[in-house]
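Working notes for the structure below.
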Amino acid sequence: MEFFGISGTEALVIACVGLIILGPKTMVNVARTLLKARSRLQEFQQAAHEQMQTVIEETELPDISVPQIDVISLSEQKKEPDHAEPTTFA
């Protein structure tokens with residue numbers, strides 16, 4: 001389970017530290033606020049996706065997709081060494 005890119009174990013540690021620092025009453029309010037924010041972000045994301053699909057359908061554009069770049073293979077490619085002769089100034 002991930003929540004904002006944080007694993008379950010990390011979230012548990014953060015919750016324990018927050019409970020110690022903020023106290024139980026404040027921690028409940030913070031958790032409630034975070035869950036509401038997450039819900040609103042998901043609603044916004046869904047609405048934006050639906051709006052984009054509507055625009056694509058209305059303009060009869062082909063499917064727009066972002067090309068996937070394999071970063072690992074790009075980093076493994078080695079640059080060829082530059083064999084230029086050094087220049088000297090007299």
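Read-outs throughout are calculated quantities, based only on the coordinates presented, and are distinct from any laboratory measurement. No experiment lies behind these values; they were computed from the predicted model shown. When we count neighbours, we look across all protein chains shown, and the Cβ atoms used for this are built from the backbone with ideal geometry, even at glycine.
Give me the number: length gained by fully extending L41 to T59, i.e. 0.36 nm times residue separation minus the C-alpha to C-alpha distance, one decimal in nm. Each step should come with its number before you reach the end.
Details: separation 18, 0.36 × 18 = 6.48 nm, distance 2.69 nm.
That pair, L41 and T59, stretches by 3.8 nm at full extension.
In this rough spin-label picture, where each label sits 7 Å from Cα along the Cβ direction, the V13-T33 distance is 2.4 nm. Coupling constants for region 13-29 follow from the phi torsions by the Karplus curve (6.51 cos²θ - 1.76 cosθ + 1.60, θ = phi - 60°), and in residue order they are 5, 4, 5, 5, 5, x, 5, 5, 6, 8, x, x, 5, 5, 5, 5, 5 Hz; glycine and proline get x.
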